[in-house]
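The values are calculated or read from the model by the stated rules, or taken from the named source; none is laboratory data. All values derive from a computational prediction rather than experimental measurement. Cβ coordinates were reconstructed from backbone atoms using ideal geometry, including for glycine residues, and neighbour counts include every protein chain displayed.
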Amino acid sequence: MHPPPGARPTGLSQDGPDVLVLDWSHGHRGRHRVRDLRLACRCAQCVDEWTGAPRLQPGSVPADVRPLRIEPVGLYGLSVEWSDGHATGIYTFETLAELCQCSECLAAGASA
Amino acid sequence: MVNVEQVLSALRVVQDPDLHRDVVSLGFIKDVVIDGGRVSFRLDLTTPACPVKDQLKAEAERVVRALPGVQAVDVSLSASVRSPRPAGAVLPGVRNTIAVASGKGGVGKSTVAANLALALADAGAAVGLLDADIYGPSMPTMFGTNARPQPAGEKSIHPVYAQGIKLMSIGFLIDPDQPMVWRGPMVHGALSQFLEQVEWGTLDYLVVDMPPGTGDAQLTLTQRAPLAGAVIVTTPQQVSLIDARKGLKMFEQVKVPVLGIVENMAWFSCDGCGKEHDLFRRGGGRRTAEALGVPFLGEVPLEPAVAAAGDDGLPIVRRDPQCAAAQALRRVAGEVARQLAMRAAAAPAPTLAAMAWKP
């Protein structure tokens with residue numbers, strides 16, 4: 001789903017032990033399975049800065065990985081401190097919108 | 001005799017030209033007192049540096065004076081500076097944090113930052129200035145002080161008071177001849193401390209003099225400081241404008257609103273002939289602002305007195321307030337305050353709170 005320019009999350013909440021819910025300024029309610037969010041980390045430890053090749057081995061991330069704490073970064077993203085010790089990633093609002101797993105966004109992605 | 005309703009109803013025709021609403025519905029009219037034919041009230045604006053405050057005051061006076069039975073009108077001015085978003089954990093008492101940046105060095109960014117801070121203070125605002133140029137701090141020289149910041153409790157320090165504003169610079173903490181040979185993490189740590197362990201208190205505006213370019217220090221500030229907006233300083237020539245564009249793109253990437261572009265060294269006024277010489281293709285800043293769709297905040301002439309004033313520790317808006325450069329810098333300050341007020345008046349973005357995950 002493509003959010004309008006300037007769209008930003010306005011609220012963070014939790015749906016059960018492993019789903020992050022993001023309420024957006026344009027009224028959208030996004031959902032993310034937290035392990036998928038961990039695997040999608042784009043920091044330099046997880047994705048090669050020069051080639052863009054993945055460096056993170058999915059098998060190295062515990063099946064029950066959880067956020068410990070989620071914090072806004074400036075005005076443009078979120079950072080997550082994970083239970084596997086990883087904490088260097090920044091998820092920009094654009095990235096979060098692309099990664100959204102709510103039924104509406106999944107359906108739009110499947111038909112695209 | 002006139003009553004309060006009539007006064008307010010008359011004032012509804014006075015529009016704030018930036019906020020496009022009348023001064024009554026904006027809540028600017030305070031303390032209306034009617035004493036026979038004498039009416040007094042206070043016009044409480046959104047910034048003391050409002051460029052049109054005298055016009056607004058005159059117009060408010062005129063419309064009330066025109067009411068039947070009114071013989072005298074006494075309007076006083078005040079300002080309550082607003083913040084574009086609710087206070088967060090970092091710099092909670094600062095209403096507007098302004099980054100002054102440039103893509104390249106040598107364009108007079110620190111001069112603009114120092115004079116912007118002083119011009120806002122001269123207008124009546126509570127102002128702080130953070131010299132974030134870790135590798136080349138210039139504020140101790142520009143403000144003529146080498147005071148040591150005093151400790152405030154165990155973990156924080158007081159800023160230095162200089163010329164009516166609160167000031168902090170790495171230059172206060174190190175030997176002036178000592179080069180800062182620091183890697184990124186050290187810079188990050190020092191800047192984070194300046195934001196979080198300096199007792200800035202309550203400020204209308206905190207001006208941050210950024211180091212030139214788009215590196216570690218800029219990233220730290222855009223990530224850690226609740227920036228209300230950025231001012232990009234450039235000179236008119238092409239190479240400088242290319243870098244200004246890069247600076248602008250960086251702020252766009254991190255969602256910091258660009259308040260506009262200042263064209264410094266726009267022209268040189270010869271003290272012999274008085275003619276304005278366009279040394280560097282004047283107008284480049286304005287054209288770039290137009291091309292990129294951001295406000296143009298003004299052009300500042302190159303005057304030897306500006307640099308001399310900085311070197312002597314008394315910035316030009318204080319040393320020679322009537323010269324062309326000082327007037328231009330005051331106009332820039334008014335324009336910056338105006339842009340911030342417009343942004344604060346638009347629906348404020350709520351601050352996203354940090355979240356602890358429940359296992």
TODO: Would you check if residue A:68 is more than 15 Å from the chain's Cα centre (by Cα) and surrounded by 12 or more Cβ atoms within 10 Å (Cβ to Cβ)?
DONE: no
TODO: Go through the residues of region A:97-109 one by one and say whether even a single one is surrounded by 18 or more Cβ atoms within 10 Å (Cβ to Cβ), within 14 Å of chain B (Cβ to nearest Cβ) and modelled with pLDDT of 90 or more.
DONE: yes
- [ ] Would you confirm whether any residue within region B:80-88 is closer than 16 Å to residue B:340 by Cα, hydroxyl-bearing (Ser, Thr, Tyr) and at pLDDT below 95?
- [x] yes
Open item on the list: Given the criterion under 22 Å from the mean Cα position of the chain (by Cα) and either surrounded by 12 or more Cβ atoms within 10 Å (Cβ to Cβ) or more than 19 Å from residue B:221 (Cβ to Cβ) (or both), identify the matching residue among B:165, B:157.
Closed with: B:165
- [ ] Test each condition in (1) surrounded by 24 or more Cβ atoms within 10 Å (Cβ to Cβ); (2) more than 10 Å from every other protein chain (Cβ to nearest Cβ); (3) under 24 Å from residue B:84 (Cα atoms); (4) at pLDDT 85 or above for residue B:229 and report the one that comes out false.
- [x] (1)
Open item on the list: Take the conditions at positive phi and out of contact with any Lys or Arg (no Cβ under 6 Å at 6 or more places or on another chain) and apply them to residue B:163. Does it pass?
Closed with: yes
Open item on the list: Checking the conditions here, which among B:31, B:35, B:18 is closer than 23 Å to residue B:205 by Cα and acidic (Asp, Glu)?
Closed with: B:18
Task: Hits in region B:132-154 (condition: buried (at least 24 other Cβ atoms within 10 Å of the Cβ) and either without any contact (Cβ under 8 Å) to a residue 60 or more places away in the chain or farther than 16 Å from residue B:311 by Cβ (or both)) - done: B:132
TODO: Determine if region B:183-205 includes at least one residue that is surrounded by 20 or more Cβ atoms within 10 Å (Cβ to Cβ), in a loop (DSSP other than H, G, I, E, B) and not basic (Lys, Arg).
DONE: yes
Task: Selection from region B:215-235 of residues that are in contact with a helix residue (DSSP H, G or I) (Cβ under 7 Å, 6 or more places away or on another chain), of a type in the set (Gly, Ala, Ser) and not in a helix (DSSP H, G or I) - done: B:225, B:228, B:229, B:230
- [ ] Give just the number: which of (1) free of Cβ contacts under 8 Å to residues at least 60 places away in the same chain; (2) surrounded by 14 or more Cβ atoms within 10 Å (Cβ to Cβ); (3) small (Gly, Ala, Ser); (4) within 26 Å of residue B:336 (Cα to Cα) does residue B:10 not satisfy?
- [x] (4)
Task: Residue that is nearest to residue B:22 (Cα to Cα) [pool: residues in region B:40-71 that are polar (S, T, N, Q) and outside any helix (DSSP H, G or I)] - done: B:46
